[in-house]
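Values quoted throughout were computed directly from the atomic coordinates according to the rules given, and no laboratory measurement underlies them. Owing to the predicted nature of the structure, the values given are computational and were not obtained by experimental measurement. Note that each Cβ is placed from the backbone with ideal geometry, even for glycine, and that neighbours are counted across all protein chains shown.
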Amino acid sequence: MRIRRTLSPTASPLCPADLWRGLKGFLAGEKYLRRLEEEITEYFGVRRAWFTSSGKAALYVILRALRSLKPDRTQVLIPAYTCFSVPSAIVRAGLEVALCDVDASSLDFDEALLQKSINEKTLCVVPNHLFGIPSAMGGIMELCRDRDVFVVEDAAQAMGGRCDGRPLGTIGDVGFFSLGRGKPVSCGSGGIIVTTSDVIAGAIEREFSPLPFPGGASQVGEYLKAAAMSLFIHPLLYSLPAALPFLHLGRTVFDSRFPVMRFSSMQAGLCMTWRRRLETAMSVRRRQAAMLRRTLDAARIAGDRSSASYLRLPFMTESRERRQMICSTAKKRGLGITGMYPSPINEIPRIAHRFAGLTFPAARLVADRLITLPLHRYVRDRDRDEMARLLEPLQCAGVQGRAFSVGMTSPGMAGRERV
Ligand SMILES: Cc1ncc(COP(=O)(O)O)c(C=O)c1O
């Protein structure tokens, strides 16, 4: 194993003082949790916030709550290209995954297909602000209101971002954030549910109140993982965990047997400085994104909006082969550039049979070609220069404007399907 300076794809490390607060949280009990809840409800302007063991546990609780309000609706409509945790939570909640193809240029739902994909079985639609790029919430809310369908805002990657001045996560009927590794604010793992609806708040409270707190041993394990994450995320050390395949760093998995628990007071302690960390990290990422945008072909940046508070910078390469070449060169040079989800949701082996005969061409294109660039505080000028040099030939290939085009799209094929 060769130790060399290596950037992680994302980084939201804890400092020693945060780790100390985690220990204090462990001893202080629910006081820290209540304080965190008060701060989150005030910052996001919501009625209540509930803290769970992960973002997918948050989504699971939300889905169970919504189902209790509309028991005859069984389908959850999600983008065909998203994090595998999303279908994992839907399956865990005993509901059916329905897919709508994406718009490859925005990574959001394909609006025209979304209209056709909602039916009388649709319980909710889940827009996902991937990489911090705001989904088109106005249109989605309007469409769903007309069809009496809930909107669950998956703001797992978008905490702190805004759309038309409103905090992402609070625009839909209910939303959630992730505090997992690599998210805008992280304490290793965790999720937050927020809503402004009294009816939904009541249903969530009913689902949430029986959930157990993690035991002492599991809190110690989480604490050690958070401490290790903070240490090894540094570029001088990151090549060590990155070389250990059993850590599965950066791998996205479909697993519907994840634990559903509450957040611990130790984790609340680790998050005590969340607001400062969130705002500082966001301004660093904005600056990094602006500098990269100046050197890269803007036509290839997915969801290119100066207002987006990117978690990573999504960049569309010209082909699957080119993406692989860039990722393997970047890996050798420790640049922190990675491909994202390896396939559209309909091709996840455990659930693929449910989508037999359907294709989602834009989601497939994104899975084939998308890479993401790191934007965190450890990225230096010379890293960005090296990234630009690696991606530069694309700008000279005369393919501008075609970065996001799908060879063949058929609305009939790109519809929805169930799991
Ligand atoms: C878009 C999206 N939704 C949901 C989740 C689930 O969050 P967690 O990892 O905290 O379970 C993730 C996590 O990566 C995500 O990226």
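Can you figure out the FRET efficiency of Ala352 with Ala28, using R₀ = 60 Å and their beta-carbon distance, to the nearest 0.05? Working from the Cβ atoms, E equals 0.80.
According to the calculation over all Cα-Cα pairs in the chain, the P(r) per 20 Å bin from zero is 28, 60, 12, 0 %. In loop segments of segment 1-107 as defined by DSSP, there are no GluC sites (Glu not before Pro) with at most 11 further C-beta atoms inside 10 Å of their C-beta. Database remark: amide H of Val174 closer than 5 angstrom to the amide H of Val151, Glu153 (H placed geometrically; neighbours at sequence offset of 5 or more, or on other chains; Pro and chain starts carry no H). Across segment 229-245, the residues whose backbone nitrogen lies under 19 Å from the label position 7 Å along the beta-carbon direction of Ala17 are 230-231.
Adding -39500 (n - 2.57) for every DSSP H run of four residues or longer, then dividing by how many residues the chain holds, sets the calculated 222 nm ellipticity at -12500 deg cm²/dmol.
Highest average first, the peptides 13-19, 68-74, 356-362 ordered by how many other beta carbon atoms sit within 10 Å of their residues are 356-362, 13-19, 68-74. Directionally averaged projected area (segment 1-107, Cα convex hull): 11.9 nm².
Shape of segment 274-396 from the C-alpha gyration tensor: prolate (a/c of 1.5 or more and a/b above b/c, with a ≥ b ≥ c the square roots of its eigenvalues).
In terms of overall dimensions, the C-alpha atoms belonging to segment 16-208 reach 52, 36, 29 Å along their principal axes, ordered largest to smallest. Bridges between two residues of segment 131-211, per DSSP, are antiparallel at a rate of about 65%. Straight-line cross-link partners of Lys116 among the lysines, defined as a Cα under 30 Å from its Cα and at least 8 positions apart when in the same chain: Lys56, Lys70. For the pair Ser197 and Lys121 in one chain, pulling the backbone fully straight at 0.36 nm per residue adds 25.2 nm over the alpha carbon distance. In this structure the amide hydrogen of Val102, modeled in the peptide plane, comes within under 5 Å of the amide hydrogens of Ala80, Tyr81, Asp110, Ala362, Ala363, none closer than 5 places in sequence on its chain.
Using the structure shown, select from Lys24/Lys332; Lys225/Lys332; Lys24/Lys183 the pairs with a Cα to Cα distance greater than 29 angstrom. Listed pairs above 29 Å: Lys24/Lys332.
Scanning residues 5 or more positions from Arg48 or on other chains, those with amide H under 5 Å from its amide H are Thr195, with H placed 1.01 Å from N in the peptide plane. Protection proxy ranking for 53-62, 310-319, 251-260, using the average of other Cβ atoms within 10 Å per residue and placing the highest first: 53-62, 310-319, 251-260.
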